[in-house]
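Shown next, in structure tokens, is the structure this report addresses.
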Amino acid sequence: MGSTRQSRRFAGEMTVIVLLGAPGAGKGTQAAILTDRLGIPHVATGDLFRAAVRDGSAIGLEARRHMERGHLVPDEITIGMLLARLEAPDAIDGAILDGFPRNRPQAEALDAALADRGSQVDRALHIQVPLDELVRRLSGRWICRDAGHVYHEESNPPRVSGVCDLDGSPLIQRDDDRPETIRVRLTGQLDSLAQVVDHYRETGVLRDIDGLRPIDAITHELLADVAELPGAGVQPW
Ligand code: AP5
Ligand code: MG
């Protein structure tokens, strides 16, 4: 795993990769693979919020009100939480961001925080999937209770039905994967995604990825793209 192998990065150099895509596009699936291959943490605002909900913290209580309706959590909460996470020691070499930024103010706040560290977003990888396939992916998704490892009942099933391959915890469905909430997420969140895509197109780091392919074909393309970055440190299979 990332923590046990030698870094191939130059001292002080960060690699910051943003995974963009609609709900269900496969951001979390790909980020979990990339984090292992690149040796930098997978930082997902949705996972941070779900952990806060489980802990019953003030942030969790507030976030839950928005998440269960399929709406974005307000920037005042989200930006501070994400930037605090990037201050953790394991993110000193960089991070793979999943689900952040979600709108232009979040993208600008991230740029400013990275600029303070002499860094920037190196790549924004936009995984594109048509709407009917997004609905299919979200409706059939199961995640494990303890760590949120992601499965799909048809395209990515666990070895033993209902049990996580990686940690043995039971598989559950996310509260926001109910059909009515899926509909709200897919109609309400796409405009802000377009803002973020435009932002990274303007800064020149955007890459469009065809997400309507098998998981490993997409991983292969993402890794090939990221390998071009100086100091990315992609580990061989
Ligand atoms: P978040 O947890 O980020 O959810 P999301 O963006 O809606 O995305 P998902 O996690 O649903 O999809 P994914 O792209 O990760 O797909 P996955 O890999 O699981 O956010 C949840 C909520 O938190 C938001 O609605 C909001 O309320 C709040 N929030 C989070 N961040 C925020 C922010 N920055 N600002 C404000 N609010 C925020 O894959 C989906 C399924 O497809 C799985 O079953 C998987 O096995 C399958 N699959 C994956 N790839 C493939 C493939 N290539 N072929 C076939 N099946 C595939
Ligand atoms: Mg996800």
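What follows is calculated from the coordinates using simple rules that are stated; it is not laboratory data. Treat the numbers as computed from the prediction; the structure is a model and nothing was measured. So basically every Cβ, Gly included, is an ideal-geometry build from the backbone, and we count neighbours across all protein chains shown.
Values computed for the structure shown
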item	result
Relative contact order computed over the chain (Cα-Cα under 8 Å; 6+ residues apart), in percent	30
Stretch gain in nm, segment A217-S169, where the contour uses 0.36 nm per residue and the Cα spacing is subtracted	14.5 nm
Loop-located GluC sites (Glu not before Pro) in the range 73-172 whose Cβ has at most 10 other Cβ within 10 Å (DSSP)	E87, E154
Segment D75-N156, extension gain: residue separation times 0.36 nm, minus the distance between their alpha carbons	25.9 nm
Additional length obtainable on full extension of the chain from R145 to A84, 0.36 nm per residue less Cα span	19.5 nm
Ellipticity estimate at 222 nm from DSSP helix runs (n ≥ 4, -39,500 (n - 2.57)) divided over the chain, nearest 500	-13500 deg cm²/dmol
V184-A113 pseudo-label distance in nm [points 7 Å out on the Cα-to-Cβ vector]	2.6
Virtual spin-label span in nm between V135 and R201, 7 Å along Cα→Cβ	2.6
Listed residue (A88, L38, I59) projecting farthest to the positive dipole end of the range 1-133, Cβ model	L38
